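Written below as structure tokens is the structure these notes are about.
The values are calculated or read from the model by the stated rules, or taken from the named source; none is laboratory data. Not measured: the values here are computed from a predicted model. FYI the Cβ positions are ideal-geometry reconstructions off the backbone, even for glycines, and counts take in every protein chain you see. These area figures cover heavy atoms from the full protein model, side chains too; ligands, DNA and RNA do not enter into them. Shrake-Rupley method; radii C 1.70, N 1.55, O 1.52, S 1.80 Å.
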Amino acid sequence: MAEAQVPVLFCFSTFSRASTVPAGSGHEILIQKFLALYGGLIGVHRKFLIQLHSAEWGEYVDLPKGFVVNERCKLRLVSLQVPMTSLGNLVASSTVFFCCDMQERFRPAIKYFGDIISVGQRMLQGAHILGIPVIVTEQYPKGLGSTVAEIDVIAAKMVVPKTKFSMVVPEVEDALNEMPGVQSVVLFGVETHVCIQQTALDLIGRGLEVHIIADATSSRSMMDRMFALEVTIHLITNLHSYHFLAKRPDWIL
């Protein structure tokens, strides 16, 4: 016997789509349906509330605890306006340094490479003095060489080879998971408009504060570097790093 389906109008922003869900569907199925319909429009790092249109009140009301769909209804997904936590001061015990792809083969191609090496050296010296862990990545080291000799990575927590732009590869994710107290990442290296920017976005997506050392990061082109810093700073200061809640208080979905 076929499972009974109930018609539901799913609304998000200015969009409305008619669909169906199995009779008795609850919050988790409704979440899945909204994601299936509007996944390309919904930022996954946000909090949302599902509301039900009430004929009695003529407007949307929050879903009651234990709500299930047993009859035709109209639902909407609302983004919660939660203030973004502003960037705070760095605390050594909750900070990790990320050194990105400071490799020998990049030396002749990257603008002011000698200068960013010099600043990078001081960053790692400071990390050592303060007991801050350092994570180093190397982009395809078989072809592009190891980290430059001037950058001492002996005391680094890990040196990880990678073949993607972002530093947040599985080994780095595992390391971050082993440091649950980390709140801030100090990021530097090359190239600003590629690996640095992609790493910053991935870290922000994890809910971490990101501090990019402007004079310790560069690109082949100063235009690439300038626009990458502008865009990334804009994202850091304006992107809401919220989480789509699967486990919720009674009124939040």
Just one listed residue, out of Val231, Val190, is at pLDDT 90 or above and aliphatic (A, V, I, L, M), and it is Val190
Failed criterion for Ile154 (all others in (1) more than 16 Å from Val210 (Cα to Cα); (2) touching a residue at least 24 places away in the same chain (Cβ under 8 Å) hold): (2)
Every residue from segment 152-185 that is of a type in the set (Ser, Thr, Tyr) and either under 14 Å from Ile132 (Cβ atoms) or open to solvent by 40 Å² or more (accessible area, probe 1.4 Å) (or both): Thr163, Ser184
When you scan segment 6-79 for strands (runs of 3 or more DSSP E) that lie fully inside it, which ones turn up with 3 or more residues that are open to solvent by 60 Å² or more (accessible area, probe 1.4 Å), modelled with pLDDT of 90 or more and over 25 Å from Leu201 (Cα atoms)? 15-22
Do we have any residue at all in segment 120-134 that's on the phi > 0 side of the Ramachandran plot, of a type in the set (Gly, Ala, Ser) and open to solvent by 40 Å² or more (accessible area, probe 1.4 Å)? yes
For Val168, indicate whether it is free of Cβ contacts under 8 Å to residues at least 60 places away in the same chain, in a strand (DSSP E or B) and farther than 21 Å from Arg105 by Cα. no
